[in-house]
Amino acid sequence: MESRFRVLFLIGAMISLSGCAATKNLFGIGDQEAPPPSAEAPGQVIDPDVERREIKEPAIDREDWEIGAFAGIMSIEDFGTDLSYGVRLAYHVTEGFFVEAAGGYSRAGFTSFEVLSGGATLLTDDERDLYYYNLSLGYNILPGEVFVGEGRAYNSSLYVIAGLGSTTFAGDDRFTVNFGAGYRFLLTDAVALHLDFRDHLFDIDVIGEEKTAHNLEATLGVTVFF
């Protein structure tokens, strides 16, 4: 009797297993191979919509020579302040260094002694003319850009300069040392604006004692590369 129950139990178990297998095949969940992994990269989560600006940037002309004119004011020590003007020619040796030759003119006024004396003069009319000629070495220390509006950039450069020369003043030619700084602003590929500050030093003894005079000059100029 016990053996009969064992046989019935085994038959029931086999029927149950067969039914489970049939059910899997019926619903399509049998032993199937997993699909291969997709080779495509996942899509970009953030798609930024950035509007690009077109910047037109004037670059320095490939030519190394620069010529132009300038005008401004010069304070001649003890002789007041008057207009000054002149010309300059520069050669750019490298992107940093350049050599400049410049010549300028200004005119001296009257000293306080001449004004208070009521008629005594220290210089003749021709001796009040001041002419200077300099040969200087400059270096661009801060090249950069200036943005005007939203679509225009201009090359610019801050530079230092120093040199030697000669000044004709008060009836004599005087050895002169000059030094200063300037700012170059490129309007186009070949045209630049200059803002310069210089000090011209020479020895003078017109007012009775010899001393080194500091003659400060501030000018605005325009140059062209060629």
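The values are calculated or read from the model by the stated rules, or taken from the named source; none is laboratory data. What you are looking at is a predicted structure, and each value in this text was computed from that prediction instead of being measured. Note that we place each Cβ from the backbone using ideal geometry, even for glycine, and neighbour counts take in every protein chain shown. Keep in mind that these areas ignore ligands, DNA and RNA; they rest on the heavy atoms of the full protein, side chains included. Shrake-Rupley method; radii C 1.70, N 1.55, O 1.52, S 1.80 Å.
What is the sum of charges around PHE179, taking Lys and Arg as +1, Asp and Glu as -1, for the other residues whose C-beta is under 15 Å from the C-beta of PHE179?
-3
For the stretch 113-126, take each phi angle, set θ = phi - 60°, evaluate the Karplus expression 6.51 cos²θ - 1.76 cosθ + 1.60, and give the result in whole Hz per residue in order, putting x for glycine and proline.
With the stated coefficients, the stretch 113-126 comes to 4, 5, 5, 6, 6, x, x, 5, 10, 9, 10, 6, 5, 5 Hz.
Could you state, as a whole-number percent, how many of the C-alpha pairs of the stretch 114-226 are farther apart than 25 Å?
41 percent
So for the stretch 81-137, taking the charge dipole from beta-carbon charges (+1 Lys/Arg, -1 Asp/Glu), which of SER112, ALA102, TYR131 sits furthest toward the positive end?
Checking the options against the dipole of the stretch 81-137, the answer is ALA102.
For the stretch 83-226, what is the charge dipole size about the Cα centre, in debye to the nearest 20, if Lys and Arg each add +1 at the Cβ and Asp and Glu each add -1 at the Cβ?
440 debye
Excluding ligands, DNA and RNA, what is the solvent-accessible area per residue of the stretch 135-218 at a probe of 1.4 Å, expressed in Å²?
Value returned for the stretch 135-218: 50 Å² of accessible area per residue.
Once the piece of chain linking LEU137 and VAL99 is laid out straight, how much longer is it, given 0.36 nm per residue of separation minus the C-alpha distance between them?
Additional length available on full extension: 13.2 nm.
Where in the stretch 112-146 does the amide nitrogen come within less than 15 Å of the point 7 Å from the Cα of ILE207, taken along Cα to Cβ?
What the label zone holds, given the 15 Å backbone N cut-off, is 112-117, 121-123.
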